[in-house]
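Student: Got a structure for you, written out below as structure tokens; questions coming shortly.
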């Protein structure tokens with residue numbers, strides 16, 4: 001069972017979503033990225049520099065985190081047409097338990 005808590009609201013989500021969140025938890029790069037952007041928004045370049053994760057890996061993992069709605073994205077396009085995005089973790093807590101049956105709870109900010 002997958003339960004998502006958002007502002008004190010719980011809803012059941014599909015097995016595919018639960019598998020993706022478990023994959024994110026198992027991936028050391030995703031965990032490191034989420035920890036890095038927990039308190040303040042950062043760009044992918046800033047994340048790469050701070051974590052020493054290759055920039056191409058940061059972009060790929062950020063796409064997965066966005067797909068699962070685990071990060072908040074804000075940004076703008078500069079006058080010369082460059083896109084500048086900042087990412088901040090939306091995850092307050094993720095709890096997984098297995099007692100014959102898998103249960104996953106995600107609490108978002």
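The values are calculated or read from the model by the stated rules, or taken from the named source; none is laboratory data. Here the structure is a predicted model, which is why all the values come from computation and not from measurement. Backbone-built Cβ (ideal geometry, glycine too); neighbour counts: all protein chains shown.
Student: Out of segment 61-86, which residues are free of Cβ contacts under 8 Å to residues at least 24 places away in the same chain and under 8 Å from the mean Cα position of the chain (by Cα)?
Tutor: 66 - this is the single residue of segment 61-86 that is free of Cβ contacts under 8 Å to residues at least 24 places away in the same chain and under 8 Å from the mean Cα position of the chain (by Cα).
Student: Then there is this: Is there any pair linking a residue in segment 87-109 that is on the phi > 0 side of the Ramachandran plot and in contact (Cβ under 8 Å) with a residue 24 or more places away in the chain to one that is surrounded by fewer than 17 Cβ atoms within 10 Å (Cβ to Cβ) and outside any strand (DSSP E or B), with Cβ under 6 Å and at least six apart or on different chains, and which?
Tutor: As it stands, the answer is none, since no pair meets every condition given.
Student: Among the residues of segment 79-109, count how many are touching a strand residue (DSSP E or B) at 6+ places or on another chain (Cβ under 6 Å), farther than 19 Å from residue 38 by Cα and not in a strand (DSSP E or B).
Tutor: 0
Student: When the residues of segment 47-56 are filtered to those that are surrounded by 15 or more Cβ atoms within 10 Å (Cβ to Cβ) and without any contact (Cβ under 8 Å) to a residue 40 or more places away in the chain, which remaining residue is nearest to residue 29 (Cα to Cα)?
Tutor: 53
Student: Let me ask something additional. I'd like to check something: does segment 6-20 contain any residue that is at pLDDT 75 or above, surrounded by 13 or more Cβ atoms within 10 Å (Cβ to Cβ), over 17 Å from residue 87 (Cβ atoms) and within 12 Å of the chain's Cα centre (by Cα)?
Tutor: yes
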